[in-house]
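The block underneath contains the structure these notes are about, expressed in structure tokens.
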Amino acid sequence: MYRTHTCGELRIQNVNETVTLSGWVQKARDLGGMTFVDLRDRYGITQFVFNMETDADLCDKARKLGREYVVAITGKVAERESKNSKIPTGEVEIIAEKLEILSKSAVPPFTIEDETDGGDELRMKYRYLDLRRNCVRENLVIRHKMGIEVRNYLDQKDFIETETPVLIKSTPEGARDFIVPSRMNPGEFYALPQSPQVFKQLLMISGFDRYYQIVKCFRDEDLRADRQPEFTQIDCEMSFVEQEDILNTFEGLTKHLFKKLKNVEMDFDFPRMSYADAMKYYGSDKPDIRFEMKFVDLSEIARGNDFKVFDEAEYIGAICAEGCANYTRKQLDKLTDFVKKPQIGAKGLVYVKYNEDGSFKSSVDKFYSAEDLAKWAEACNAKPGDLILVLVGDKAATQTQLCELRLEMGERLGLRDKNKFSPMWVVDFPLLEWDEDSQRFHAMHHPFTSPKKEDFHLLDTDPGAVRANAYDLVINGVEIGGGSIRIHDTDQQKQMFRHLGFTDEEAKEQFGFLMDAFQYGAPPHGGIAFGFDRLASLFAGLETIRDVIAFPKNNSGRDVMIDSPSAVADDQLLELNLDFRQKPE
RNA sequence: GGUCCGGUAGUUCAGUUGGUUAGAAUACAUGCCUGUCACGCAUGGGGUCGCGAGUUCGAGUCUCGUCCGGACCGCCA
């Protein structure tokens, strides 16, 4: 028998029991006459004692144990002479009687402990060792519990979990597809799904009524801390529902998960904000509303003082940083550098200090009197001691820049507390988005999203103004999920494809099966998908989704542990009828 | 495709203005040590300074290129 107990469960009540434990050697402390061995498994750490006087051979064997050896040790539980209050098993130790080495270990490239000395690169290369560390494993346990609770909630709401295929068809809309060559159909390719979108809609037509799936999705785009080429979604669809039904159902799921995983009671309705307001007040469709610091539009009141930069700007936007009037020149210069970074791209930063004594000091004193600045302060709802920061320029770009500045100030002021959770719904997204590159409209969400009834008449005259029945769940500035009420009518879907620049033939070729299906009684339906990894990283208090994924890919989309992707043998290529084409220089 | 940061012992890092034999901590090995739990003490081994070129009497240090890792922009319906 390898074990009678785990390494985390023995207590003072077990004294005098003879037990066998198996695990990894955390550390052997050789004191000469006696040796202590800490044995670790997933459940905890237990100390064993070997004594030269009792059994010299056994003790000698123990002192030679290296880190991460896998051993089984039998002995009698005893109360410790000197207890360790830091670990749950610290009141007892096991007087070893038998030691079996099950597996030796090379010296690990980094120490397996919470505060490891290993860097990220090394940890990824030896991910199987990294996963032995408590803090990493605990993140995956959170993920596991999330899966259970998602299933509990949705099952209780009569959702049916249904698997959809992984080898599907490539479509031109949306992200780049991963493609898979078909051996049996030379010259043809499958694509991996970016989402099970059309399948879940077909399941609604099949009368499943409520579907969900915790499912891998694939997008061949560049990676980020919160983006992996393969990621997991909680994908859902419901029939005979309006937007309100979906929002309520999934607000419920969110609350359920917060209660179960964080013991956070969210006994309030999630605030809702239109896309237009989100852009106007936060410069983002995923605002972090853990703190206010809303944008104030100074375009009207700040023009007309012969300050060319302002007079010529399409938009003058300000935020008010509470209590920052005492910022030094150096701090302000740093902020200026921040907004001028190429990634942000502002030309400069105007500041107005509203000093404690009621006076003003600004970088535009040459153009604006104290009275002018007082008007700004009033518009910004600023108090003495506050700092007003102003960016100007093209409206959309400036709002984006101001958004970055706002988040930076929120960070500096400690307003982005990771233990605070501020969920919200962003609603009324535009249906279409103009794309300069292809000179046509693209679906902002996806081409199956339905337009709002009251905006439908604008579709031909002013497509950009049409709002969609689309919504996003945003928590702490992270897009956690999004969805829409779908089109369930062949003609409307055809019309939509036309607006997206598809010919009827192309639409038929790509999505003919869906439009065919619409002819056989499609119920009104809609759905949502949550980013499972992002939600897990939020619950785990992490910035990156990598640490809630057992075997993630690196920045370049590589798995450095198994070293993929990799070349394949010529035989394989031949079998698949594949040859390489060189990109033109 | 682009911007920025990094690469020195197994590991985490320091390394001054370009100048003697490239250091520290930790890990590892050996020896001593009977109450440790970050055990302690002593001794020892361990380096293609990512790679390549250039400047120089002399390069870990400066320049260019390249590879690798990370953050971000573009991209991500």
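The values are calculated or read from the model by the stated rules, or taken from the named source; none is laboratory data. A quick note: this is a predicted structure, and the numbers were derived from the prediction, not measured. Quick reminder, even Gly has a Cβ in these numbers, built from the backbone with ideal geometry, and neighbours come from all protein chains shown. Heads up: the accessible areas ignore ligands, DNA and RNA and are worked out on the full protein's heavy atoms, side chains in. Shrake-Rupley method; radii C 1.70, N 1.55, O 1.52, S 1.80 Å.
Let me know the charge dipole size of chain A about its Cα centre in debye, to the nearest 20, where only the beta-carbon of Lys, Arg (+1) and Asp, Glu (-1) is charged. The partial results should precede the final answer.
Numbers: 77 positive and 100 negative charges, 355 e Å.
For this selection, approximately 1700 debye.
Cβ neighbours within 10 Å, averaged per peptide: list A:130-139, A:456-465 in order, most packed at the top.
Numbers: A:130-139: 16.9, A:456-465: 12.8.
Ranked by mean Cβ neighbours within 10 Å, highest first: A:130-139, A:456-465.
If you take the charge dipole of chain A about its Cα centre, with +1 on Lys and Arg Cβ and -1 on Asp and Glu Cβ, which of A:L39, A:L573, A:C403 is farthest toward its positive end?
A:L39
Give the list, by residue number, of cysteines in chain A with no other Cys Cβ closer than 4.7 Å, or say none.
Here A:C7, A:C59, A:C135, A:C217, A:C236, A:C324, A:C403 come out as lacking a disulfide-compatible partner, given the Cβ-Cβ threshold of under 4.7 Å.
If we count every other residue with Cβ under 10 angstrom of A:L257's Cβ, Lys/Arg +1 and Asp/Glu -1, where does the sum land?
On the way: positive: A:K145, A:K255, A:K259, A:K260, A:K262; negative: A:E149.
Local charge sum for A:L257: +4.
Would you calculate a helix-derived [θ] at 222 nm for chain A, using -39,500 (n - 2.57) for each DSSP H run of n ≥ 4 and dividing by the full residue count, to the nearest 500? Write down the numbers at each step before the final one.
Numbers: 17 runs with 165 residues, N = 585.
Roughly -8000 deg cm²/dmol at 222 nm, from the helical runs in chain A.
For chain A, report the accessible area per residue in Å² (1.4 Å probe, heavy atoms, rounded to an integer).
Values: 30490 Å² over 585 residues.
I get 52 Å² per residue for this part.
Carbon and sulfur together cover what percent of the accessible area of the stretch A:315-387 at a 1.4 Å probe radius? It would help to have the intermediate numbers written out before the result.
On the way: 1900 of 4020 Å².
Solvent-exposed carbon and sulfur of the stretch A:315-387 make up 47 percent of the total.
Positive end of the dipole of chain A, charges at C-beta (+1 Lys, Arg; -1 Asp, Glu), about the Cα centre: which of A:G541, A:I168, A:W425 has its Cα farthest in that direction?
A:G541
Calculate one ³J(HN,Hα) per residue across the stretch A:30-45 by plugging θ = phi - 60° into the Karplus curve 6.51 cos²θ - 1.76 cosθ + 1.60, and present them in order as whole Hz with x for glycine and proline.
After applying 6.51 cos²θ - 1.76 cosθ + 1.60, I find 8, 9, x, x, 9, 9, 9, 10, 8, 10, 10, 9, 4, 8, x, 10 Hz.
Share of the stretch A:411-491's accessible area from carbon and sulfur, percent, 1.4 Å?
Details: 1690 of 3660 Å².
Ligands and nucleic acids excluded, carbon and sulfur reach 46 percent.
What list of ³J(HN,Hα) values in whole Hz, one per residue of the stretch A:152-161 in order, does the Karplus curve 6.51 cos²θ - 1.76 cosθ + 1.60 (θ = phi - 60°) give from phi, with Gly and Pro shown as x?
So the Karplus estimates, Gly and Pro as x, are 4, 5, 6, 4, 5, 9, 6, 7, 10, 7 Hz.
Just to confirm the filter: which chymotrypsin sites (Phe, Trp or Tyr not before Pro) across the stretch A:501-580 are DSSP coil and have at most 14 other Cβ within 10 angstrom of their Cβ? Mind showing how you got there, number by number?
On the way: sites: A:F502, A:F511, A:F513, A:F518, A:Y520, A:F530, A:F532, A:F539, A:F580; in loops: A:F502, A:Y520, A:F580.
Answer by residue number: A:Y520, A:F580.
Could you look at the stretch A:1-140 and say what percent of its accessible area is carbon and sulfur, using a 1.4 Å probe and all protein chains?
Details: 3630 of 7650 Å².
Whole-percent figure for carbon plus sulfur exposure: 47.
For chain A, what class follows from the C-alpha gyration tensor (a ≥ b ≥ c being the square roots of its eigenvalues): rounded when a/c is under 1.5, otherwise prolate if a/b is larger than b/c, else oblate? Intermediate results must be reported in sequence, preceding the final value.
Working: a/c = 2.15, a/b = 1.37, b/c = 1.57.
The shape class here is oblate.
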